[in-house]
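Below is one structure, written out as structure tokens, with a few remarks after it.
What follows draws every value from the coordinates through simple rules; no lab data is involved. Only a predicted model underlies this, so the values are computations on that prediction, with no experimental measurement involved. Heads up, the Cβs are rebuilt from the backbone with ideal geometry, glycines too, and the neighbour counts pull from every protein chain shown.
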Amino acid sequence: MDSRSPGDGIDQLNADVAWDTFDPAAYIDHNYRHMLDEDQEIVSIVRRHFSDHFRRNPGRRIAGIDVGAGANLYPALSMLPWCEEITLLDRSAANVVYLKSQVAEYDANWDQFWDVLCEDESYTALGDDPRVRFRQAARVEQGDLFDLAGRRGRWSVGTMFFVAESLSTSHEEFRRGVESFMRALVPGAPFAAAFMEHSRGYDVGDWHFPACDISEADVRECIEGYTGKLETRHIGQPNVVREGYSGMIVAWGLRDPDACVTDSAG
Ligand SMILES: C[S@@+](CC[C@H](N)C(=O)[O-])C[C@H]1O[C@@H](n2cnc3c(N)ncnc32)[C@H](O)[C@@H]1O
């Protein structure tokens, strides 16, 4: 891995990072083996947002995407009731192996997140075994979110959790990450995204991964231009999951209904 750090004044860019060294087992043990209060709050916000939206706008099943899915299934599960297919996109070969291993029968630790989603009837309506629907819907894809430019307006609901600020130290890549995600959505699509606030990077197993130091104002400023409706909330206390961040930020809303997906004007 590149040894440059933010202190050098040189950004560690996304392409500099050895993403295939990401250890999904270590990541899950640290973050998602037992549900944190922060994740419970985030799941509840996303559940309300998606279920309210689709109650007001019922229709046929749609295509969803979780960008930088990594070793986290709860964003994809949050879209499951409304999706015919869900693309789980990630750059890391190790995370792609993990995600593929979860398609046939996902692990029991994800049940606690599903239980929170089931506080809304849209989720309980899927019956006792959401694994069947997940198996039918999940499409794991190894890919780079910066390459989504060629697939603008492809997905009708989307999530991106702890990715745009956690893929390099660069503010420019943070902004482009958000832009790629938002432009991949059709006009009017509901979305949810989460971010680590003021992160100094994170360890997964034996490896350190970079992060970009962003605030709630940065998140709003970055997303606002792509949305018809946007809400953000600061969640949690500093340094609960690890040292070196000041909380989490969740953002949710709708892709701008008047967005043009074929040009660069947004
Ligand atoms: C901090 S992890 C977040 C994982 C997961 N979304 C979660 O909520 O825990 C960042 C993820 O972004 C992925 N990633 C990094 N750069 C990427 C890129 N250019 N395109 C797609 N995924 C990328 C990594 O492989 C990793 O899975």
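Below are the figures for this structure:
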item: Rg over Rh, two decimals, the stretch 20-255 (C-alpha only, Kirkwood Rh); result: 0.92
item: The chain - mean residue ellipticity at 222 nm from DSSP helices (-39,500 (n - 2.57) per run, n ≥ 4, rounded to 500); result: -9500 deg cm²/dmol
item: Cα-derived Rg over Rh, computed across the stretch 35-104 with Rh taken as Kirkwood radius; result: 1.00
item: Residue order, fewest to most beta carbons within 10 Å, for THR159, THR232; result: THR232, THR159
item: Vicinal HN-Hα couplings computed from phi for the stretch 115-124 (Karplus, 6.51 cos²θ - 1.76 cosθ + 1.60; Hz; Gly/Pro x); result: 4, 5, 4, 6, 6, 10, 5, 4, 7, 5
item: Karplus (6.51, -1.76, 1.60) ³J(HN,Hα), θ = phi - 60°, over the stretch 204-215, in Hz, Gly and Pro reported as x; result: 10, x, 8, 10, 9, 10, x, 9, 10, 7, 10, 10
item: Check: the stretch 143-264 dipole with +1 on Lys, Arg Cβ and -1 on Asp, Glu Cβ, in debye; result: 420
item: Residues whose placed amide H lies under 5 Å from that of VAL241, excluding near-sequence neighbours; result: none
item: Calculated from backbone phi, Karplus (6.51, -1.76, 1.60) coupling profile of the stretch 195-201 in Hz, x at Gly/Pro; result: 9, 8, 8, 6, 7, 9, x
item: Positive-end residue, the chain charge dipole about Cα centroid, Cβ charges, pick of VAL43, SER156, GLY143; result: SER156
item: Label zone at VAL261, where the point sits 7 Å out along the Cα-to-Cβ direction: the stretch 42-61 residues whose backbone N lies under 19 Å; result: 54, 57-61
item: Separation between Cα centres of the stretch 80-97 and the stretch 176-251, rounded to whole Å; result: 19
item: Charge dipole (debye, nearest 20) of the chain; +1 at Cβ of Lys and Arg, -1 at Cβ of Asp and Glu; result: 1040
item: Amide H contacts of THR227 (H built 1.01 Å from N, under 5 Å, at least 5 apart or other chain); result: ASP256
item: Amide H partners (placed H, <5 Å) of PHE209, local residues excluded; result: TYR202, ASP203, VAL204
item: Distance histogram in 5 Å bins (all Cα pairs of the stretch 166-266, percent per bin); result: 3, 13, 22, 21, 18, 12, 7, 4, 1, 0
item: Percent RCO, i.e. relative contact order, over the chain, from Cα pairs under 8 Å lying at least 6 residues apart; result: 20
